[in-house]
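Q: Have a look at this one before I ask anything.
The values are calculated or read from the model by the stated rules, or taken from the named source; none is laboratory data. These numbers were taken from a predicted model, which means no experiment stands behind them. As a convention, Cβ positions derive from the backbone with ideal geometry for all residues, glycine included, and neighbour counts pool all protein chains shown. Heavy atoms of the whole protein, side chains included, go into the accessibility calculation; ligands, DNA and RNA do not. Shrake-Rupley method; radii C 1.70, N 1.55, O 1.52, S 1.80 Å.
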Amino acid sequence: MKKALSLILAVSMFALVFSLFGCGEEKQPEQTTAVTTTTQTTTFEQTTATVATTTTESTTSQTEPELPPETTIPPVKPEYPVDIDMEAVKSHALIPLWGEGEAPYEIEDKKVRDKFYHEATIQAYLVEGSDRCVIVYPGGGYGGLTAAEGGVIAQEYNKKGISAFVCNYRQNKYTKDNIIAYHRDAFLADGQRAVQFVRYYAQAFGIDPEKIAVCGFSAGGHLAMYVCEHEVTENIKGDEIGKVSSTPNLCILSYAVTVLEPGVSTVTTGHIFHSDKERADKELIAFYSYNYAPEKMPPTYIWYSKLDKTVDFNICSVQFAEKLESLGITVKCDGFSDGGHGTGLSSSYPDSAKWFDNSVNFINEIFG
């Protein structure tokens with residue numbers, strides 16, 4: 001018995017000495033603590049990633065927090081317009097302004113339609129963080145669209161931190177047949193629709209719906225003025241887009257045609273009026289000229305070249321500005337010593353080139 005007790009005592013003493021010199025099995029409490037800490041500090045991004053890879057058999061359920069309101073887009077009814085494709089928007093894709101077969105004043109004659117058809121579209125040039133925008137109407141006498149007065153202008157506004165859109169409205173194309181295909185109010189419908197489109201999707205575009213400007217060149221200037229002075233009528237389809245205001249908050253007119261009396265301009269009237277009788281109709285001329293409802297114009301910036309031989313700038317620009325001023329409407333009018341008609345940005349003309357920065361200053365002054 002004594003021998004057995006002595007043996008047990010000897011083994012116990014050996015084990016004690018062995019452990020004191022670190023030769024026993026190593027414990028790892030720090031590793032356990034690290035795992036616990038990681039579990040407690042898992043980020044939301046890591047959690048959602050884990051949830052995304054969890055199999056359907058998993059019984060674990062995790063509720064993701066709701067996105068803040070400013071990052072969500074309000075739902076749109078499942079009819080035209082459908083939810084806007086922001087990837088298409090950001091790539092400057094041509095987005096139809098009207099649903100299939102819904103554009104007013106469309107061409108009915110199939111032969112003419114096949115030859116002249118032009119779908120009204122809009123192209124977006126967005127600037128992240130910009131709360132204001134300019135909708136650009138290129139010129140072209142309502143017989144075409146001038147490239148130098150479209151995307152180039154929009155991109156230049158982008159450089160100044162302003163979002164922009166190009167409205168590719170319908171036109172009566174120049175052809176040897178001289179066929180007038182579109183009714184003049186098709187142009188107005190497209191121009192108004194562009195404003196409604198941008199205002200309807202303003203939240204998705206990051207734009208204040210009360211900071212929408214229009215900028216038109218030559219015939220596009222006529223359309224910009226036309227949109228500002230005329231209310232939405234039967235031109236516009238009563239869908240969700242058609243229910244919002246088509247009234248711009250600011251207007252920029254570049255060597256614009258604003259009066260359609262004979263002799264005032266060598267362009268535009270031929271595609272607005274469809275016969276000699278219409279071109280002589282004073283009531284019709286007044287309806288499509290600035291004196292129709294100048295009191296409805298928003299703050300307006302007007303510019304022209306004193307060398308313009310295409311449009312009578314004294315009647316279309318100077319007198320229009322004077323009229324707006326007499327009505328108490330904020331207006332600025334610049335006449336430049338170089339350039340001419342259809343010069344777009346006028347980059348190669350030192351004096352006329354000032355119009356662009358002047359327009360940006362005007363926008364920022366009015367919109368804050």
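Q: Just to be sure, is Ser347 assigned to a helix (DSSP H, G or I) and under 17 Å from Tyr255 (Cβ atoms)? First the steps, then the outcome.
A: Numbers: assigned to a helix (DSSP H, G or I): no; under 17 Å from Tyr255 (Cβ atoms): yes.
It is false that Ser347 is assigned to a helix (DSSP H, G or I) and under 17 Å from Tyr255 (Cβ atoms).
Q: If you don't mind, there's one more thing I want to ask. Within the range 260-295, track down each residue that is closer than 18 Å to Lys323 by Cβ and assigned to a loop (DSSP other than H, G, I, E, B).
A: Correct list: Leu260, Glu261, Val264, Tyr288, Ser289, Ala293.
Q: Within the range 155-171, restricting attention to residues that are part of a loop (DSSP other than H, G, I, E, B), crowded, with 23+ Cβ neighbours inside 10 Å and of a type outside the set (Ser, Thr, Tyr), which residue is modelled with the highest pLDDT? Steps first, please.
A: Residues of the range 155-171 that are part of a loop (DSSP other than H, G, I, E, B), as a first pass: 160-162, 169-171.
Pick out the ones that are also crowded, with 23+ Cβ neighbours inside 10 Å and you get 162, 169-171.
Imposing the further condition that a residue be of a type outside the set (Ser, Thr, Tyr) reduces the set to 162, 170-171.
Numbers: Ile162: 98, Arg170: 93, Gln171: 89.
The selected residue is Ile162.
Q: Also, quick follow-up: If I filter the range 200-226 down to residues being part of a helix (DSSP H, G or I) and in contact with a strand residue (DSSP E or B) (Cβ under 6 Å, 6 or more places away or on another chain), which single residue comes out as farthest from Ile162 (Cα to Cα)? Break it down into steps so the answer makes sense when it comes.
A: Restricting attention to the range 200-226, the residues satisfying the condition of being part of a helix (DSSP H, G or I) are 200, 202-205, 219-226.
This time we only want the ones that are in contact with a strand residue (DSSP E or B) (Cβ under 6 Å, 6 or more places away or on another chain), so: 220-221, 223-224.
Details: Gly220: 20, Gly221: 20, Leu223: 21, Ala224: 18 Å.
Per the stated criteria, the residue is Leu223.
Q: Next question, about the same structure. Pairs, please: C-beta under 6 Å, at least 6 apart or cross-chain, first residue of a type in the set (A, V, I, L, M, F, W, C) and in the range 136-160, second assigned to a helix (DSSP H, G or I)?
A: Partner pairs satisfying both residue conditions: Val136/Ile153; Val136/Ala154.
Q: Can you pull out every residue in the range 297-325 that is open to solvent by less than 40 Å² (accessible area, probe 1.4 Å) and assigned to a loop (DSSP other than H, G, I, E, B)?
A: Residues of the range 297-325 that are open to solvent by less than 40 Å² (accessible area, probe 1.4 Å), as a first pass: 297-305, 308, 310-311, 316-318, 320-321, 324.
Met297, Pro298, Pro299, Asp308, Thr310 - these are the residues of the range 297-325 that are open to solvent by less than 40 Å² (accessible area, probe 1.4 Å) and assigned to a loop (DSSP other than H, G, I, E, B).
Q: Only one of Gly328, Gly342 is free of Cβ contacts under 8 Å to residues at least 24 places away in the same chain, on the phi > 0 side of the Ramachandran plot and open to solvent by 20 Å² or more (accessible area, probe 1.4 Å); which? Outline the logic, then answer.
A: Numbers: Gly342 fails: free of Cβ contacts under 8 Å to residues at least 24 places away in the same chain.
So the residue among Gly328, Gly342 that is free of Cβ contacts under 8 Å to residues at least 24 places away in the same chain, on the phi > 0 side of the Ramachandran plot and open to solvent by 20 Å² or more (accessible area, probe 1.4 Å) is Gly328.
Q: Does Val152 satisfy the condition of being buried (at least 19 other Cβ atoms within 10 Å of the Cβ) and hydrophobic (A, V, I, L, M, F, W, C)?
A: Working: buried (at least 19 other Cβ atoms within 10 Å of the Cβ): no; hydrophobic (A, V, I, L, M, F, W, C): yes.
No, not satisfied.
Q: I would also like to ask the following. Consider Gly263 against the criteria (1) on the phi < 0 side of the Ramachandran plot; (2) modelled with pLDDT under 95; (3) open to solvent by 20 Å² or more (accessible area, probe 1.4 Å): it satisfies all of them except one. Which criterion is unmet?
A: (1)
Q: Output the residue which, of all residues in the range 114-123 that are of a type outside the set (Ser, Thr, Tyr) and touching a residue at least 12 places away in the same chain (Cβ under 8 Å), is farthest from Gly191 (Cα to Cα). Show your work before the answer.
A: Step one: filter the range 114-123 for residues of a type outside the set (Ser, Thr, Tyr), giving 114-116, 118-120, 122-123.
Filter again for touching a residue at least 12 places away in the same chain (Cβ under 8 Å), leaving 115-116, 118-120, 122-123.
Details: Lys115: 22, Phe116: 19, His118: 14, Glu119: 13, Ala120: 9, Ile122: 10, Gln123: 13 Å.
Among those that are of a type outside the set (Ser, Thr, Tyr) and touching a residue at least 12 places away in the same chain (Cβ under 8 Å), it is Lys115.
Q: Can you find even one residue in the range 353-363 that is in contact with an Asp or Glu (Cβ under 9 Å, 6 or more places away or on another chain), within 26 Å of Lys173 (Cβ to Cβ) and open to solvent by less than 20 Å² (accessible area, probe 1.4 Å)?
A: No.
Q: What tally of residues in the range 89-113 results from selecting those that are touching a helix residue (DSSP H, G or I) at 6+ places or on another chain (Cβ under 6 Å) and surrounded by fewer than 13 Cβ atoms within 10 Å (Cβ to Cβ)? Before you say what the answer is, go through the steps one by one.
A: The first filter runs over the range 89-113 and keeps only residues touching a helix residue (DSSP H, G or I) at 6+ places or on another chain (Cβ under 6 Å), leaving 97, 104-105, 107.
This time we only want the ones that are surrounded by fewer than 13 Cβ atoms within 10 Å (Cβ to Cβ), so: none.
Selection size over the range 89-113: 0.
Q: Now for a different question. Looking only at the range 172-188, decide whether some residue is on the phi < 0 side of the Ramachandran plot, touching a Cys at 6+ places or on another chain (Cβ under 9 Å), in contact (Cβ under 8 Å) with a residue 24 or more places away in the chain and open to solvent by 30 Å² or more (accessible area, probe 1.4 Å).
A: Within the range 172-188, the first condition is being on the phi < 0 side of the Ramachandran plot, and the residues that meet it are 172-177, 179-188.
Among the residues that remain, those that are also touching a Cys at 6+ places or on another chain (Cβ under 9 Å) are: none.
Taking every residue of the range 172-188 in turn, none turns out to be on the phi < 0 side of the Ramachandran plot, touching a Cys at 6+ places or on another chain (Cβ under 9 Å), in contact (Cβ under 8 Å) with a residue 24 or more places away in the chain and open to solvent by 30 Å² or more (accessible area, probe 1.4 Å).
Q: Taking the criterion of being modelled with pLDDT of 85 or more and open to solvent by 10 Å² or more (accessible area, probe 1.4 Å), would at least one residue in the range 247-255 satisfy it? Write out each step before concluding.
A: Residues of the range 247-255 that are modelled with pLDDT of 85 or more, as a first pass: 247-255.
With the extra rule that they be open to solvent by 10 Å² or more (accessible area, probe 1.4 Å), the set shrinks to 247, 249.
Checked the range 247-255: at least one residue is modelled with pLDDT of 85 or more and open to solvent by 10 Å² or more (accessible area, probe 1.4 Å).
Q: I'd like the full set of residues that are loosely packed, with under 13 Cβ neighbours inside 10 Å and on the phi > 0 side of the Ramachandran plot, limited to the range 114-141.
A: Scanning the range 114-141 gives a single hit, Gly129.
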